[in-house]
Amino acid sequence: MSKGRAEAVAGASGILLRYLQEQNRPYSAQDVFGNLQREHGLGKAAVVKALDQLAQQGKIKEKMYGKQKIYFADQEQFDMVSDADLQVLDAKIVALTAKVQSLQQSCRHMEAASALTTPEMQKEIQELKKECAGYTERLKNIKAATNHVTPEEKEQVYRERQRYCKEWRKRKRMATELCDAILEGYPKSKKQFFEEVGIETDEDYNLKLPDP
């Protein structure tokens, strides 16, 4: 191996080891390369070589799935989580799942209303849908984590719950105001308007905004 390539592999090793430990989830070499290439400018060959070296040194673990190698952090380095902590995490996952579903329902409501509103509203709806997708991905990661939940992560979940509930209230108020404005000149009843446009309300699904 040339001196320059050896230095590239050595530099990549530290970056990859930190990344796998922080994320604590399985990745292929292609996944790691795609996730870190833009930020760190790592070459794919250096990534593959560094991952193999880390696995050989016992700093990370690797497994074969079909023809593909999967790499992940050594779980022995993490503290074990008690059954009680796992039950708390399960309860949070249930709550987060319900929140994601509620936000997705709100997105559908706003999509129906956006046909009658401005392009600015449509842009905001798309941004909210992206947030929902990101949160769904994070929820998958939380479900996969069975042995490490830090106090900081717990606090982050609580803060995000408050933020999304606030966004829910904001979107519901905006949708209500838009519908009220339209209904002022609408010749039929509110119920007929909702049926024709296809608007579904929180009440239709027995959903209630959490207390602030």
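The values are calculated or read from the model by the stated rules, or taken from the named source; none is laboratory data. Being a predicted model, the structure only gives us computed values, none of them experimental. Because the Cβ atoms are built from the backbone with ideal geometry, glycine has one as well, and the counts that use them run over all protein chains shown. Please note that ligands, DNA and RNA were not included when accessible areas were found on the heavy atoms of the full protein model with its side chains. Shrake-Rupley method; radii C 1.70, N 1.55, O 1.52, S 1.80 Å.
Numerical summary
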item	result
Positions within segment 180-210 being part of a loop (DSSP other than H, G, I, E, B), open to solvent by 40 Å² or more (accessible area, probe 1.4 Å) and either within 18 Å of SER106 (Cβ to Cβ) or not acidic (Asp, Glu) (or both), in sequence order	GLY185, TYR186, PRO187, LYS188, SER189, GLY198, GLU200, ASN206, LEU207, LYS208, LEU209
Restricting segment 60-86 to residues that are at pLDDT below 75 and closer than 30 Å to CYS132 by Cβ, the residue that is most open to solvent (accessible area, probe 1.4 Å)	ASP85
Residue satisfying all of: in segment 155-174; open to solvent by 100 Å² or more (accessible area, probe 1.4 Å) and under 21 Å from the mean Cα position of the chain (by Cα); farthest from ALA95 (Cα to Cα) among these	LYS166
Lone qualifier among GLU177, GLU152 - being under 21 Å from MET110 (Cα atoms), open to solvent by 100 Å² or more (accessible area, probe 1.4 Å) and among the acidic types (Asp, Glu)	GLU177
